[in-house]
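Written out below as structure tokens is the structure these notes cover.
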Amino acid sequence: MNLSSDFPPGSGVTFSRVPVSGKFVAITFDDGPHPRNTPRLLDMLAERNIKATFYVIGRSVDMHPGVLRRTVAEGHEIGNHSHTHRLMTRLGVEEVREEMQRCEDAIGKAAGVRPRTMRPPYGGLRQGQRELVHSEFGYPTIMWSVDPLDWQRPGPSVVARRLISGASPGGILLAHDLHAQTVDAMPQTLDGLLRQGYKFVTVSQLIAMGETQPTAQAAS
């Protein structure tokens, strides 16, 4: 699908889902790049011609720049997930700026791209911090509509079932390519959603798609 990923700056400060016409979802992966799990996941996505959004940690990008370059080369979107994965509600303004900037710099150095969106570690970001990040970096804060709690390692079949059952049009699905079990769950997850008629888009494509809807609103 040749879909635009250009959304205007005024689209919204925070999104957990986007109202769209059609069965479109964005699947997102946090905490990479991982030297073994991420390449396995990229193989699975390529086999199905699915584009995902990866919220990467800057220091992990510095350690595994080749994995990030492959991710970008294969058409996936990269988002900012901070440099050191600290809980940002405990950080001051300058520390938040530094976390965002260092991650952005690492991504640019490794792959020559700039993130369009961010996701805070642990989902923790106060409203004032979200507005600061949006105004200074242009990043909307991206949350999620489905959380399979895969960090608890419940097993691949449970992760897949939670993602499939929780999906709905315009949803943003949360997962972590840091965990091998999550990657193990992806064939069942992706194939199950494809069978239900879902089409996968990046987060920026989803936001841009929502902008074309007459009732589009950002989730609060």
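Rule-based calculations on the coordinates, nothing more; no lab input. If you're wondering where the values come from, they're calculated on a predicted model, not measured in any experiment. Because the Cβ atoms are built from the backbone with ideal geometry, glycine has one as well, and the counts that use them run over all protein chains shown.
So here's what we get for this one:
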quantity	calculated
Residue pairs meeting the criteria (Cβ under 7 Å; at least 6 apart or on separate chains; first more than 13 Å from ILE172 (Cβ to Cβ), in the range 1-25; second outside any strand (DSSP E or B) and among the aromatic types (Phe, Trp, Tyr))	LYS23/TYR198
Residues (among the hydrophobic types (A, V, I, L, M, F, W, C) and buried (at least 23 other Cβ atoms within 10 Å of the Cβ)) located in the range 21-40	VAL25, ALA26, ILE27, PHE29
Yes/no for THR71 being closer than 14 Å to THR202 by Cβ, surrounded by 19 or more Cβ atoms within 10 Å (Cβ to Cβ) and not basic (Lys, Arg)	yes
Selection from the range 144-178 of residues that are in contact with a Phe, Trp or Tyr (Cβ under 7 Å, 6 or more places away or on another chain) and closer than 22 Å to PRO33 by Cβ	ILE172, LEU173, LEU174, ALA175, HIS176, ASP177
Any hit, the range 9-18, residues being exposed (fewer than 14 other Cβ atoms within 10 Å of the Cβ), farther than 21 Å from LEU178 by Cα and not hydrophobic (A, V, I, L, M, F, W, C)	yes
Pairs with Cβ under 6 Å, 6+ apart, first in the range 44-59 and within 17 Å of SER204 (Cα to Cα), second assigned to a helix (DSSP H, G or I) and β-branched (Val, Ile, Thr)	THR53/VAL203; PHE54/THR71
